Amino acid sequence: MPFGEQPAYLKVAEDLRQQIADGRLPPHTRLPSQASIRAQYGVSDTVALEARKVLMAEGLVEGRSGSGTYVRERPAPRRISRSGYRTIGECSPFRQEQTDERVRGTWEGKSERITAPDAVAGRLGIAAGDPVMCTRYVFRTGNEPVMMSTSWEPLSVTGRTPVMLPEEGPLAGRGVVERMAAIDIQVDNVAEEVGARPALAAEARVLGGLAGHAVLVITRTYRAGGLPVETADVVIPADRFRIAYHLPVR
């Protein structure tokens with residue numbers, strides 16, 4: 001089989017990927033063995049192995065101990081709805097991240113005071129090393145983990161106030177907008193950027209899947225005017241969910 005200038009393992013992976021996409025290799029089907037790939041495509045064992053690694057990294061196949069490598073079932077993606085609009089008095093951390101009122105869920109969070117990493121400090125407009133409250137959340141619908149979030153709030157804004165700890169005090173479990181309003185800070189804009197990257201091992205353990213499978217990452221910052229009051233990274237499994245935005249027409 002001629003491969004041109006494209007690396008042979010990518011060409012083999014592309015052909016197998018197409019077979020998965022068009023149903024010739026349906027879910028739960030055993031992927032051709034390394035020896036079969038070698039014979040079918042006229043490539044070396046190394047090329048066959050690397051092609052299988054590509055498909056595994058993409059989340060298209062999974063290894064089963066003592067059995068082989070099988071095509072993964074691809075669930076129909078579900079929607080996670082997001083909107084810049086937040087209803088005061090009705091918002092929770094879960095509703096802040098999933099604005100579709102029909103979707104019910106729970107969350108758990110743990111906060112700790114840390115010094116701001118460089119990237120977080122830049123997003124908050126503070127100096128690297130300044131104190132921030134870091135809160136790590138896991139969100140679930142039923143028993144299924146659907147999102148993780150790491151949130152940072154500058155203690156120059158919330159320190160020594162009743163809302164310093166997001167999950168404690170009189171406004172525990174409320175969204176950012178409502179908590180900030182309680183200390184006379186009116187959040188009036190939010191910016192989000194959406195990217196993708198391989199899942200970290202710790203994320204895969206919580207969200208399911210394998211390290212290296214794709215996740216969507218929403219980088220979100222709430223501001224009151226030009227003052228950043230919270231920034232967060234929201235991590236969502238890309239093979240199970242899509243992000244949908246509701247944007248007002250001005």
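Throughout, read-outs are computed from the coordinates displayed, never taken from laboratory work. Note that the coordinates shown come from a computational prediction; the quantities given were computed from them, not determined experimentally. Note that each Cβ is placed from the backbone with ideal geometry, even for glycine, and that neighbours are counted across all protein chains shown.
Rounded to the nearest 500, what is the chain's calculated 222 nm mean residue ellipticity when only DSSP H runs of at least 4 contribute -39500 (n - 2.57) each, over all residues?
About -7000 deg cm²/dmol.
Take the range 75-134, drop everything but the C-alpha atoms, weight them equally and run the Debye formula without solvent; then report log10 I(q)/I(0) at 0.12, 0.15, 0.18, 0.28 Å⁻¹ to two decimals.
Scattering profile of the range 75-134, log10 relative to I(0): -0.49, -0.70, -0.84, -1.03.
In whole Å, how far is the Cα centre of the range 126-159 from that of the range 22-42?
So the two Cα centres are separated by 44 Å.
Subtract the Cα-Cα distance of GLU167 and LEU49 from 0.36 nm times their separation in residues, and report this length gain in nm to one decimal.
37.7 nm
Based on the inverse mean of 1/r over its pairs of different Cα atoms, what is the Kirkwood hydrodynamic radius of the range 126-250, in Å?
15.9
Stick to Cα atoms and the Kirkwood definition of Rh, then tell me Rg/Rh for the range 1-102. Don't skip to the answer; put the middle values down first.
On the way: Rg = 20.4 Å, Rh = 16.3 Å.
For the range 1-102, the value is 1.25.
Need one number: nm distance between label points at LEU210 and ARG30, each 7 Å from Cα along Cα→Cβ, rounded to one decimal.
Once both label points are built, they end up 1.7 nm from each other.
Contour minus end-to-end for GLU14 and ILE243, with contour as 0.36 nm per residue of separation and end-to-end as the Cα-Cα distance? Write down the numbers at each step before the final one.
On the way: separation 229, 0.36 × 229 = 82.44 nm, distance 2.68 nm.
Roughly 79.8 nm would be gained on extension.
Using only the alpha-carbon atoms, what does the range 120-170 span along each of its principal axes? Please give whole angstrom values in decreasing order.
For the range 120-170, the Cα spread along each principal axis is 39, 28, 12 Å.
Summing +1 for each Lys or Arg and -1 for each Asp or Glu, what net charge is found among the other residues whose Cβ lies under 15 Å from the Cβ of ASP233? Show your work: numbers first, answer last.
On the way: positive: ARG82, ARG123, ARG136, ARG197, ARG220; negative: GLU97, ASP118, GLU153, GLU192, GLU193, GLU203, GLU230.
Net of charged neighbours comes to -2.
ASN143 to ARG113: FRET efficiency via 1/(1 + (r/R0)^6), r the Cβ-Cβ distance, R0 25 Å, to the nearest 0.05?
Computed FRET efficiency for ASN143 and ARG113: 0.20.
Using the 2.2 N^0.38 Å rule of thumb for compact globular proteins, work out how the chain stacks up: its C-alpha Rg over that value, please.
1.25
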